[in-house]
Each structure stands twice: as C-alpha cells, then as structure tokens.
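Derivation of every value follows stated rules applied to the coordinates shown; laboratory data play no part. Computed from a predicted structure; not experimentally measured. Neighbour counts are summed over all protein chains in view; Cβ atoms, including those assigned to glycine, are modelled from backbone coordinates with ideal geometry.
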Amino acid sequence: MPFLSFYNPTGIGDTLILTAGSCDKALRFVETNDSITVIKNKESQAIIGINIFNISDHLEIDGQGQVFLTDDQVATINQLLKTANFDFEVTVDNQPKFVVGEVEECVDHEDSDHLHITKTRVAPDEVLQIVCGAPNIGQGLKVLVAKTGAVMPSGMIIWPGELRGVSSDGMICSTRELGLEDIENYPGIWELSSKFEPGTPLDQVVELYR
C-alpha cells in the first residue's frame, strides 16, 4: 500500500519516517544501507517502514508531524533508495482519509453482544466493511469514516484489522475521537446530516457545523 510520511525534527531528529503497516516486533527485520533503514515483516517480506536519516540534505520538508510529499519529493526518495541498493520504490496517497460514509448494511456480530458489522459506502465505487461497537450505529446513517491510512488526533494510525474474527477496514468515528467536541460531545458515533454525499472530506463537513 502507499506510504504515510512523518517528520518531527524536534522530537526525533532530521529523519523522514515512512510507514505502510505494522507488525509484532518479533517479526521485524531491519536492513540499513547508507543513510536509509528499511523495516520488513520477516514472514510476508512486506516493507512496513523506511527511515531516511539526514533528510534535509536531500529535501526541504515543510511542517512537522504527518507531512504530505509532492511528486518531486517522492521521485527524490526513490532515487535515494536506488542509490542505496534497495530494489523497490515508494508511492504515497494524499487523498482525504476522513470522509463521509453511508451505512448501507448493519448486522449484529455473531460472536459479540455489542459489535456490529457494517457495509459503509465511502465513494460511489467504494464500500468498506467496518466493525463498529457504537450503540447508535444503524443502517441508513451518514457517518464520518477514518479510512485505512488515516492518522487520528491521538496519533493512532488506522490499519486494516480484525475484531472477533471479522475483518474491518477503517473506523466509524465519534466527535470525541476526532477532537471535535466543540461541535458535539456525546458518546457514540457522529450522526451526520443526510445532505452529505459519501466521500465528502471532513473539512467540508466541519465547515457546515461551525
């Protein structure tokens, strides 16, 4: 999958961190060439992380925390990987990861007294299976979905997962999880106005409510 990019020169140093997943520490394999460290899953051989040290020698990065790389910056990174004798390239996905979803189906999880399995449309051509434990989830609701690759205000990254044996690809969010208690502040998922279309980015939703 595409990589997420993070840069925190104050807290970590002049290192660009790229991540595309996670795995247990026992399964991690680390390889370092030149100023680049690549982290793989030993079982699947999937590349889950890349650390590029002294990145300011090669790129000028604006901001800190999660950063969004340009095509030119990605090309520079891929050239650095090639020079360091790594035989893969990275891609990034800068599309919005917090979007409106419409719950088209909602059924009880057979192995839980509170979980529900939803089919939630997040674009005209994209429906996600998301397991949700909120008591107010239901078919027909418009909700706010954190898609795979979303970085929550807490710093948690949303990856594909599994709850009680059922795959879940994203998270249906509350205002509290999004840090938007000034808009609404109650337990359960954020129930949005029906006027929003699936795929509407979070910033456009916030504009209406504020």
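Observations on the model:
- For the chain, the longest principal axis of the C-alpha atoms and the axis of helix 71-83 are separated by about 50°.
- Spread of Cα-to-Cα distances over 5 Å intervals beginning at zero, given as percent, for region 4-84: 3, 15, 26, 25, 19, 10, 3, 0
- Radius 9 Å from Cβ of L141, net charge of other residues (Lys, Arg +1; Asp, Glu -1): -1
- For N8, net neighbour charge (Lys/Arg +1, Asp/Glu -1) across residues whose Cβ lies under 14 Å away: -2
- Put a plus charge on the Cβ of each Lys and Arg, a minus charge on the Cβ of each Asp and Glu, and nothing anywhere else: the dipole of the chain about its Cα centre is then about 260 debye.
- For K82, the lysines whose Cα comes closer than 18 Å to its Cα, not counting residues fewer than 8 places off in the same chain, are K40.
- Compared with the rule-of-thumb size 2.2 N^0.38 Å for a compact globular protein, the chain has a Cα radius of gyration ratio of 1.14.
- Local net charge near I158, Cβ-Cβ under 14 Å (Lys/Arg +1, Asp/Glu -1): -2
- Pairs of alpha carbons in region 98-207 whose separation is greater than 18 Å (percent): 44
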